[in-house]
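Reading through the structure tokens given below for one structure.
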Amino acid sequence: MSDQALSDTERREKLWHLIKDMRFGMLTTQHPNGHLHARPMTLQNRGVDEGDSLWFFMSRGGEAYEDIVGAAQVNVAFADADDDTYVSVSGTAELDEDRARKQALWNLAAEAWFPKGVDDPDLALLRVRINHASYWDVKASKLMQLYAMAKSAVTGQPPKDLGETGQVRMR
């Protein structure tokens, strides 16, 4: 089922609703050799009022930092297999030096990686401005999913109405 009937505002609200409890995403960057590299990152957003941005803390000494300096287009993929919810976000990465923002997002988990706190010289704040997002929110139970796939195998028709898919354009 597609989200064709939803307004842009409702799609954005749906996007934030889906990722608000997903603490980890796979950040994909482009390495200077052209290869795509993905690594897990902890989402630092505090709520759904973050507008069009995802926030992450990262090391200035890491490969991801160097990749972003070279190519700002990134993807962040989120998955909650227990709830059958999947989100893919494409955006533009920016390194943000706003100390107040770092302080507002700071938490004990970040301190484990950056023991000198928000003034740790290795700490970088990454902002991903969302350009586009796609989501799949499966509503059907596991049993209904299996039934729909078995039916599809017999009929040759793709499964229908397993969940909601949608796209969000921020820019």
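So which pairs qualify, if the first residue must be in segment 52-78 and under 15 Å from Pro40 (Cα atoms), the second must be assigned to a helix (DSSP H, G or I) and of a type in the set (A, V, I, L, M), the Cβ gap must be under 8 Å, and the two must be at least 6 apart or on different chains?
Listed pairs, sorted by first residue: Trp55/Leu105; Phe57/Leu105; Phe57/Ala110; Met58/Ala64; Val74/Ile68; Phe78/Leu18; Phe78/Ile19.
Search segment 75-108 for residues being among the aliphatic types (A, V, I, L, M) and touching a helix residue (DSSP H, G or I) at 6+ places or on another chain (Cβ under 6 Å), and hand back the single one that is nearest to Leu15 (Cα to Cα).
Among those that are among the aliphatic types (A, V, I, L, M) and touching a helix residue (DSSP H, G or I) at 6+ places or on another chain (Cβ under 6 Å), it is Val87.
Select from segment 10-58 the residues that are polar (S, T, N, Q) and closer than 17 Å to Ala93 by Cα and list them in ascending order.
If the condition is that a residue be polar (S, T, N, Q) and closer than 17 Å to Ala93 by Cα, then Thr28, Thr29, Gln30, Thr42, Gln44, Asn45, Ser53 are the ones that fit.
Could you please find all residues in segment 87-111 being under 14 Å from Ser53 (Cα atoms) and not in a helix (DSSP H, G or I)?
Within segment 87-111, Ser88, Val89, Ser90, Gly91, Thr92, Ala93, Glu94, Leu95, Asp96 qualify.
Only one residue in Thr92, Thr29, Thr85, Thr42 is in contact with a His (Cβ under 7 Å, 6 or more places away or on another chain), among the β-branched types (Val, Ile, Thr) and surrounded by 14 or more Cβ atoms within 10 Å (Cβ to Cβ). Which one?
It is Thr29.
Where a number appears in this text, it was derived from the coordinates with a stated rule and is not lab data. Note that the structure is predicted; figures quoted are calculated from it, not measured. Ideal geometry is used to build each Cβ from the backbone, glycine not excepted, and the neighbour counts take in all protein chains shown.
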